[in-house]
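S.K.: What follows is a single structure, and I will ask about it in a moment.
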Amino acid sequence: MIKENLALVQDKIQKACERAGRACDEVTLIAVSKTKPLSMIEEAMEAGMQEFGENKPQEMRDKAKLVSAPVNWHMIGSLQSNKIKYVVGTACMIHSVDSLALAAAIEKEAAKKNLLMDILLEVNMAGEESKHGFLPEEVSAAVQEAAKHPHLKIRGLMTVAPYTENAEENRIYFRKMKELLVDINAKNIDNVFMDSLSMGMSSDYEIAIEEGATMVRVGTGIFGERNYSH
Ligand SMILES: *Cc1c(COP(=O)(O)O)cnc(C)c1O
């Protein structure tokens, strides 16, 4: 089942790239395995997946210890300072940096472990009350500040688009994210060149790719519905 789902998602990614005149290798598929058992991760690995997304620090760390082959873990969920230690040294990238305080705390842990941590700044493109992240108008200043940390490498921006029945409604947010990235790069901020846009989930990743996503985070479309009750 997972193998078939993956093939389907990969086919849709390829077609979206073709529609947008983009090379397929510009887009990385991240399999969001949160709440799913190790057996399903291993099944996806057998089908060739190497990039996995988790939103709980301890769950990520525990799974990372148990997988049989090296994979890349992406932290995509909101992160409290006291949990950073589980993520720095485990994740290849933290997508969900939503405050300068968090950036500073990650810097501290990365310095302690003597490594360079790839991060994305999370942007609340639609200005939703319920969402984490910088507002679009705050991002440029935040990038400038976060770029001062020597153990952080800001690779780009991430957004979680609004929940909607009609994915086309999110196109505008994806388009504006890309514009934001281009605008910030044009400012030639010291130590900053951002090439990553993490946007698009199961319901809207094709549209996100048409608008420039370089990483799409797909959970349900690969592993099926999540069950939070157990
Ligand atoms: C859970 C989650 C996803 C995947 O959502 P699906 O709709 O299951 O594809 C993507 N991004 C973030 C930040 C998530 O928390």
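The values are calculated or read from the model by the stated rules, or taken from the named source; none is laboratory data. From a predicted model like this one, the values you see are computed outputs, not experimental measurements. Glycine gets a Cβ as well: all are built from the backbone with ideal geometry, and neighbour counts include every protein chain shown. These accessible areas exclude ligands, DNA and RNA; they are computed on the full protein's heavy atoms, side chains included. Shrake-Rupley method; radii C 1.70, N 1.55, O 1.52, S 1.80 Å.
S.K.: Over 23 Å between Cα atoms: which of Lys36/Lys178; Lys34/Lys178; Lys112/Lys153; Lys12/Lys153; Lys112/Lys148 fall into that group?
M.R.: Working: Lys36/Lys178 31 Å; Lys34/Lys178 27 Å; Lys112/Lys153 16 Å; Lys12/Lys153 31 Å; Lys112/Lys148 17 Å.
The pairs that break the limit, which is 23 Å between Cα atoms, are Lys36/Lys178; Lys34/Lys178; Lys12/Lys153.
S.K.: Hey, could you pull the Cα Rg and Dmax for segment 160-211, both in Å?
M.R.: For segment 160-211, the Cα radius of gyration and maximum Cα-Cα distance read 12.5, 41 Å.
S.K.: Which percent of the accessible heavy-atom area of the chain goes to carbon and sulfur, probe 1.4 angstrom? Mind showing how you got there, number by number?
M.R.: Details: 5550 of 11160 Å².
About 50 percent, which is the carbon plus sulfur part of the accessible surface.
S.K.: Kindly provide the Kirkwood hydrodynamic radius of segment 46-86 in Å, to one decimal, from all pairs of distinct alpha carbon atoms.
M.R.: Details: mean 1/r = 0.0918 Å⁻¹.
So the Kirkwood estimate lands at 10.9 Å.
S.K.: Using only Cα positions of segment 44-175, each an equal point scatterer, no hydration layer, compute I(q)/I(0) via Debye at q = 0.10, 0.12, 0.15 Å⁻¹ and quote the log10 values to two decimals.
M.R.: The Cα Debye sum returns log10 ratios of -0.34, -0.49, -0.75.
S.K.: Here's something else I'd like to know. Compute the accessible area per residue over segment 36-81, keeping the other protein chains in place, probe 1.4 Å, unit Å².
M.R.: 49 Å²
S.K.: Moving on to the next point. Using only the alpha carbon atoms of segment 32-103, find the Kirkwood hydrodynamic radius as the inverse mean reciprocal pair distance, in angstroms to one decimal. Numbers along the way, then the final one.
M.R.: Numbers: mean 1/r = 0.0810 Å⁻¹.
For segment 32-103, the Kirkwood estimate is 12.4 Å.
S.K.: After finding the eigenvalues of the alpha carbon gyration tensor for segment 1-69, what semi-axes result from the square roots of 5 times each, listed largest first in whole Å?
M.R.: 26, 13, 10
S.K.: Something else now. Return the whole-Å distance between the Cα centroid of segment 98-125 and the Cα centroid of segment 171-194.
M.R.: Segment 98-125 and segment 171-194 have Cα centres spaced 19 Å from each other.
S.K.: Let me ask another. Compare the peptides 118-130, 80-92, 197-209 by average per-residue count of other Cβ atoms within 10 angstrom and give them in order, highest first.
M.R.: The peptides rank, most packed first, as 197-209, 118-130, 80-92.
S.K.: With n ≥ 4 as the cut-off for DSSP H runs, can you work out [θ] at 222 nm for the chain, using -39500 (n - 2.57) per run divided by the number of residues, rounded to the nearest 500?
M.R.: So the helix-based figure for the chain works out to -12000 deg cm²/dmol.
S.K.: With only alpha-carbon atoms counted, please give the Rg and Dmax of the chain, in Å.
M.R.: Just the Cα atoms of the chain yield Rg and Dmax of 16.9, 48 Å.
S.K.: Per the Kirkwood treatment, what hydrodynamic radius in Å, one decimal, follows for segment 104-221 from the mean inverse distance over all distinct Cα pairs?
M.R.: After inverting the mean inverse Cα-Cα distance, the result is 14.8 Å.
S.K.: Under unit Cβ charges (Lys, Arg +1; Asp, Glu -1), what dipole magnitude, rounded to 20 debye, does the chain have relative to its Cα centre?
M.R.: I would put it at about 780 debye.
S.K.: Let me ask something else about it. Return P(r) of segment 63-113 (all Cα-Cα pairs; 10 Å bins starting at 0; whole %; ordered from short to long distances).
M.R.: 24, 56, 18, 2
S.K.: Turning to a different aspect of this structure: Evaluate the charge dipole of segment 1-130 about its Cα centre and quote only its size in Debye, nearest 20, assuming +1 on the Cβ of each Lys and Arg and -1 on the Cβ of each Asp and Glu.
M.R.: 380 debye
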